[in-house]
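See structure below.
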Ligand code: WTA
């Protein structure tokens, strides 16, 4: 098993205590049928998932629930036709046109909160769809890259693409122009949607300049971008860099031309792609995770309803960024498909102070709250008394993205939730479209530190290196896999079906010719342990992916950025422990002979990472060392470096080709 997992298993935490969900919650829950697990057992697979698709409006019903004829390219609800934008917007109008879809809360507290109704969302989506189609020439099947922060125009742009049957590829706003370029190139987008700038921690960030870098870099790699469509953060006040004639246009300047435009939603086959979302894997190149329309939307809607317990009368706030999968499924597609009211917040959780989140919750009467362990840890740092000063009441709280320490879980439950809320720790991935392991909040007790069992219809299994099942309760860890397909599962990796099969099914499929889905367990790439009660504790990634503040990063991506610095000979990235972010990158580099280490070089290395990826990948430390510890076959021993970073026992170094360097590095890092 991978080094980081072995290390995590050593870190024991008490996870045996159960917390029952509050009775008030159970009584009102969307899902409180105790027989749901039997009803969604493998005996009833795949028909048990039709109830999820029934949450949507279909232009044409499906003929086949699941086509498994070409494993592992599962096809859900085949023959059905629908449109995601129609399901998220139009169908709510007859009853709920005036209901709030989003409350937009700007980072600047003095700015008024903007309520966007479903009617207004409908108007904006149609107008932008018309602009995309008639001005930028976007057609069904085209890819559109959207590089934007948390503003209402982001879901508007996504839904406008979906309306036309175009495939959106949203790039997290904090990513650099270079990272955006890589995604434009891979997806072959000729249209980029962006914004002039936005506010972050009280500062105005020029975002348009990233578009200039992205387009230039993309073009140097052969991908021409014909149109850059620029929203303005404060309409009328352009705050970006110069506009390039013929390429750049301010969306608001075209507004009058498209005001009142209406665009028929395309009737899409259920299996046509809805979007791409790039995510890090074991290699240096992010992969374009492709999600379909019918299966994905059904699964996002159903898990929003049954796990997050979102109801029409609720006010739901997910603090994630729409630029990640959590935002796609649980700020945009799931909640909108259900006609819910959500908060869309521009800023970070503790700006200008740790009471900000609770003031928003109090003011808007938020009763469902969704965030990450990193945000919880950083709120906790500001003290136990802050949440109690505000008059808000949550019925449900969710966490996602990283393992949550039982201690942090308890703080969330006791202090943030005031012991009134059910808590769900939801484990899933970009690839899975929606939650896989979590308690169903009204049906299962909560267990701090444990995500919970597989959701109804999801059948996890832990496998060892040889593919044998690890017995639940044995205390052994292994690789978590899901035995069966489910509607939210990714369709493929964009333009790389072989990598898709190899990455997720290569290790545990014993018979590549098999047409039986039972031979194709989905391998998530996480280490996990299952206890006797079926609850699953996620231990962390078993591949070369690190999780920083809930954000997935490939160590190879960081290393290849560092290796672009000409002075650097070799580089190794390790995930060092961080009290707030869970882990944070530290970089060990050796230099070419004759090169002197100094602060300027150190800065150059950091800059290379920020340039290629973005500030979220900024390392805590760059250690310039004489050599990296290696095995006799030349493999860099990152485990040893991680032990030094975390000040842990280093263990046996006798098998190294250069054991003496370990002592030198140790002295340097921990003098
Ligand atoms: C990790 C985010 C522990 C895990 C939805 C997974 C978690 C990766 C949890 C996916 C959780 C996500 N407990 N670890 N509740 N949720 N992870 O694709 O390692 O950005 O493989 O999707 O985050 O990250 P991604």
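Just so it is clear, none of the values below were taken in a lab; they were calculated from the coordinates. Keep in mind it's a predicted model, so treat the numbers as computed, not measured. Quick reminder, even Gly has a Cβ in these numbers, built from the backbone with ideal geometry, and neighbours come from all protein chains shown.
Once the C-beta distance of residue 70 and residue 38 is scaled by a Förster radius of 25 Å, the resulting FRET efficiency is 0.25 to the nearest 0.05. Estimated from helices alone, the mean residue ellipticity of the chain at 222 nm is -7500 deg cm²/dmol (sum of -39500 (n - 2.57) over DSSP H runs with n ≥ 4, per residue).
Sorted ascending by nearby beta carbons within 10 Å, beginning with the fewest, 580, 489 become 580, 489. Projected label points at residue 597 and residue 201, each 7 Å from Cα along the beta carbon direction, are separated by 2.6 nanometres. In a fully extended conformation the segment linking residue 237 and residue 313 would gain 23.8 nm over its present Cα-Cα distance, using 0.36 nm per residue. Extending 7 Å from the Cα toward the beta-carbon at both residue 654 and residue 483 defines two label points whose distance is 4.5 nm. Under a plain spin-label model, where a point goes 7 Å from the Cα along Cα-to-Cβ, how far apart in nm are residue 139 and residue 54? Here the answer is 3.9 nm between the modelled labels. One chain, two ends: residue 91 and residue 381. Fully extended at 0.36 nm per residue, the span grows by 100.0 nm beyond their Cα-Cα distance.
Suppose R0 equals 56 Å; then what is the FRET efficiency for residue 510 and residue 255 from their Cβ-Cβ distance, rounded to the nearest 0.05? With a Förster radius of 56 Å, E is 0.45. Our summary gives the chain a relative contact order of 14 percent, counting only alpha carbon pairs under 8 angstrom and 6 or more residues apart. Round to a whole angstrom and tell me the spacing of the C-alpha centers of region 121-194 and region 308-334. Rounded to whole Å, the Cα centres lie 19 Å apart. Cβ-to-Cβ counts within 10 Å put 27, 99, 444 in ascending order as 27, 99, 444, the fewest first. Once C-alpha pairs closer than 8 Å and six or more residues apart are averaged by separation and normalised to the residue number of region 34-365, the relative contact order reads 21 percent.
Entry note, region 549-669: relative contact order of 23 percent, from Cα contacts under 8 Å with a spacing of 6+ residues. Going by Cα centres, region 221-274 and region 482-508 are how many Å apart? Spelled out, the Cα-based centre of one part sits 33 Å from the other.
Extents of region 607-648, taken as max minus min of Cα coordinates on every principal axis and listed largest first, are 34, 24, 16 Å.
Note on residue 577/residue 410: beta-carbon distance plugged into 1/(1 + (r/R0)^6) with R0 of 22 Å gives a FRET efficiency of 0.65.
Treating the chain as a set of equal point scatterers at the Cα positions, no solvent, please give the Debye-formula log₁₀ I(q)/I(0) at q = 0.06 Å⁻¹. Results for the chain at q = 0.06 Å⁻¹ read -0.32.
Exposure proxy shown here: for 128, 231, the number of other Cβ atoms within 10 Å sets the order, fewest to most, as 231, 128. For region 549-669, what class follows from the C-alpha gyration tensor (a ≥ b ≥ c being the square roots of its eigenvalues): rounded when a/c is under 1.5, otherwise prolate if a/b is larger than b/c, else oblate? In terms of gyration-tensor shape, oblate. The length gained on full extension between residue 17 and residue 363, counted as 0.36 nm times the residue separation minus their Cα-Cα distance, comes to 121.1 nm.
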